[in-house]
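The values are calculated or read from the model by the stated rules, or taken from the named source; none is laboratory data. Every value quoted in this text rests on a predicted model; they were computed, and no experiment measured them. A quick note on method: Cβ atoms are made from the backbone with ideal geometry, for glycine too, and the neighbour counts reach across all protein chains shown.
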Amino acid sequence: MRSKIAEILINKMSAESKIFADKYADLIVLINQILKEKQYNQKKLAEKLEKRPSEINRWLTGEHNFTLRSIAKLEAELGESLIEVPVRKLSEKFELSSGKVTIHTYRNVSDNNLERNSWIRINKPTLRLANVG
Amino acid sequence: MNIFELKIWDDERKKCTFYTVHVDGNSENETDRFFYRYADEKNDFHEESNIILRLVLENIGNKYGATDDFFDRHKNEAQALPPKPKKRIPEIEEIGIHFPLRLYCYRISESIAVLFNGGYKDNRTDQESKEISLKFYEAQQFAKKISKAIEDGTILVDLDNRTLLNFDGKKEIILY
């Protein structure tokens, strides 16, 4: 059984809202896990930052948006990665395929006593033949 | 307080079943009333209510369950969503602290939670907020009655099936 209004709203929801909610939840869980492992409290944080506990308390009741800068600061404090940016794989069409390369070159053959203005196509040999002579 | 029914709001999630309360005489249950209020895309808090909905259904309902991570805004008996991380690091406080909406809820276990109503928080405390002070009070009353009913056996908690039952084994639960 599902709430009808919830179903309608979920189906119409923007991708942005979904992503924000999902990442927020993941971040909450991860941060809580790290704090628990490290047994952090205000006093310990104040010592670490060389600040007075009262100042930390003011920070805790401050109001400003969570920014990339804040995340960076948090990661530095906790010594843990909170957000990772995926590394993008190179597009396959730019990768050189393994194997032999055939190079086509063209030169004017007049200097070689060949017919003027004739062009020959030279293929760079890709396989050396054994000297059987 | 009026008579109300404790009924299923969503039982199709993988980790948590959600109940709600339906007050006698009202056309909608309390949680639907909350989401209907912000359903119009032109509403100032439409996106925020969507975020809470996604948090509830997907992250609590399907992914994590009703864990301590999400139910830590203790408001007497009832709790409020969205959650905020523990108050230990300054930047952590920023997550959720400025979120304008509150949806009240009562966690029975990590697999069963009851959702109530809520609204826009326009003051330092819920009790002082014009829109949600009444909703806050009602949530407390609902939570207290449900808690007492579980304690005295009026409501049976079936954790294996993630359901609540009336003491006589029936699914209909009416509280006074």
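Determine, yes or no, whether residue B:47 is acidic (Asp, Glu) and in contact with a Ser or Thr (Cβ under 7 Å, 6 or more places away or on another chain). Answer is yes for this residue. The one condition from (1) at the interface with another protein chain (Cβ under 8 Å from one of its Cβ atoms); (2) acidic (Asp, Glu); (3) more than 26 Å from residue B:137 (Cβ to Cβ) that residue B:40 does not meet is (1). Looking only at the range B:5-47, residues that are crowded, with 18+ Cβ neighbours inside 10 Å, among the charged types (D, E, K, R) and either in contact with a Cys (Cβ under 6 Å, 6 or more places away or on another chain) or within 27 Å of residue A:27 (Cβ to Cβ) (or both) come to 2 in all. Restricting attention to the range A:62-105, the residues being under 22 Å from the mean Cα position of the chain (by Cα), at pLDDT below 55 and surrounded by 12 or more Cβ atoms within 10 Å (Cβ to Cβ) number 1.
So, in the range B:108-123, of the ones that are part of a strand (DSSP E or B) and of a type in the set (S, T, N, Q), which residue ends up surrounded by the fewest Cβ atoms within 10 Å (Cβ to Cβ)? Ranking the qualifying residues of the range B:108-123, first place goes to B:109. Regarding residue B:137, is this residue of a type outside the set (A, V, I, L, M), within 15 Å of the chain's Cα centre (by Cα), modelled with pLDDT of 80 or more and farther than 17 Å from residue B:20 by Cβ? Yes. Given the criteria part of a loop (DSSP other than H, G, I, E, B), surrounded by 12 or more Cβ atoms within 10 Å (Cβ to Cβ) and of a type outside the set (S, T, N, Q), does residue B:126 qualify? Considered against the rule, which asks whether it is part of a loop (DSSP other than H, G, I, E, B), surrounded by 12 or more Cβ atoms within 10 Å (Cβ to Cβ) and of a type outside the set (S, T, N, Q), residue B:126 comes out as yes. Taken over the range B:43-57, the criterion of being at the interface with chain A (Cβ under 8 Å from one of its Cβ atoms) and of a type in the set (D, E, K, R) is satisfied by B:47, B:54. Just for the range A:8-59: of the residues that are assigned to a helix (DSSP H, G or I) and polar (S, T, N, Q), which one is modelled with the lowest pLDDT? The residue in question is A:57.
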